[in-house]
Amino acid sequence: MLLENKVCVITGAASPRGIGRNTAELFHKHGAYVAILDLNQAQSEEAARAVGERAFGVACDVTDKASCEKAVAAVLEKFGRIDVLLNNAGITQPLKTLEITPENYEQVTDVSLRGMLYMSQAVLPQMVSQNSGSIVNTSSVSAQRGGGIFGGPHYSAAKAGMLGLGKAMAREFGGHNIRINSVTPGLILTDITGGKLTPEMKEKILTTIPLNRLGAAEDVSKAFLFLASDLSSYITGATIDVNGGMHIY
């Protein structure tokens, strides 16, 4: 097992068919203690019960610094350490440039960028004291190719910002044996995309994907497992593409 006795915190992990939940299940199978963070306490606890006996549900609004600190304190009280943080919480809005209001912009960028910063700030002191840790960030192929899938330009901006923030933090905390990497999923079939993808849209999109299929949540969670585990012990500041070849550069 790749994560035996590791304590892993995953944000945005309560949705039954989301990447976060799938990752929580995979990490648990590999021996981890998993803290599932999401907005609603009851849903977080329900997700934890579904994942298994070593899972723990905690309410957390990643856009609120105090909420992040409170959630991390609860994890530390429960498990005593934090080995992995997966900054997975995010929202998307299918808007065009001239349609984006200040509220829209703040909603999307706050969850991705402010959430990544606040959660990282909350766990990093513990990781520094341990002299070890792995932080993995869920960005998107939209950050690399300028959208063109579901999210609007503000979504692309938020996800691109996560890549820059992750690289800067990787430089800063490498000396503490803390690795910080990002994953850029392509079009993944989850609750976010499921109801919006018509057969015609799917057929058109498949012509742009060399592997000729849409991604599944487990395709992404396996990349997270690699970056969370010691298999990637000499990798930091990296971006791992999980897009079936939709974007090759």
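The values are calculated or read from the model by the stated rules, or taken from the named source; none is laboratory data. In this text, all values refer to a predicted model and were calculated from it rather than measured experimentally. Glycine gets a Cβ as well: all are built from the backbone with ideal geometry, and neighbour counts include every protein chain shown.
Just a few scattered comments:
- From the list Ile209, Ile235, the one residue that fits, being β-branched (Val, Ile, Thr), free of Cβ contacts under 8 Å to residues at least 40 places away in the same chain and in a loop (DSSP other than H, G, I, E, B), is Ile209.
- Residue list for segment 19-43, filter: touching an Asp or Glu at 6+ places or on another chain (Cβ under 8 Å) and surrounded by fewer than 23 Cβ atoms within 10 Å (Cβ to Cβ): Leu26, His30, Gly31, Leu39
- Pairing residues of segment 72-100 that are among the polar types (S, T, N, Q) with residues that are part of a strand (DSSP E or B) and surrounded by 12 or more Cβ atoms within 10 Å (Cβ to Cβ), at Cβ distances under 8 Å and at least 6 apart in sequence or on separate chains, gives Asn87/Thr11; Asn87/Ile135; Asn87/Val136; Asn87/Asn137; Asn87/Thr138; Asn88/Ile10; Asn88/Thr11; Asn88/Thr138.
- Here Arg179 meets each of (1) closer than 30 Å to Val128 by Cβ; (2) touching a residue at least 60 places away in the same chain (Cβ under 8 Å); (3) of a type in the set (Lys, Arg) with one exception, condition (2).
- For segment 65-120, a residue qualifies if it is basic (Lys, Arg), exposed (fewer than 15 other Cβ atoms within 10 Å of the Cβ) and either touching a Ser or Thr at 6+ places or on another chain (Cβ under 8 Å) or within 18 Å of Ser140 (Cβ to Cβ) (or both), and exactly one does: Lys96.
- Segments classed as helices (runs of 4 or more DSSP H), wholly inside segment 12-112, with at least 3 members that are out of contact with any strand residue (DSSP E or B) (no Cβ under 6 Å at 6 or more places or on another chain), of a type outside the set (Gly, Ala, Ser) and under 25 Å from Ser132 (Cα atoms): 19-29, 65-79
- Test for Met127: is it under 17 Å from Ile19 (Cβ atoms) and crowded, with 22+ Cβ neighbours inside 10 Å: no
- Among (1) modelled with pLDDT under 95; (2) closer than 17 Å to Gly20 by Cα - the single one Arg145 does not satisfy: (2)
- Test: residue in segment 241-249 that is under 24 Å from Thr109 (Cβ atoms), in contact (Cβ under 8 Å) with a residue 24 or more places away in the chain and aromatic (Phe, Trp, Tyr): no
- Hits in segment 163-178 (condition: within 17 Å of Val84 (Cα to Cα) and in contact with a strand residue (DSSP E or B) (Cβ under 6 Å, 6 or more places away or on another chain)): Gly166, Met169, Ala170, Ile178
- Candidate set from segment 177-206 (those that are touching a Ser or Thr at 6+ places or on another chain (Cβ under 8 Å) and assigned to a helix (DSSP H, G or I)); member that is modelled with the lowest pLDDT: Ile192
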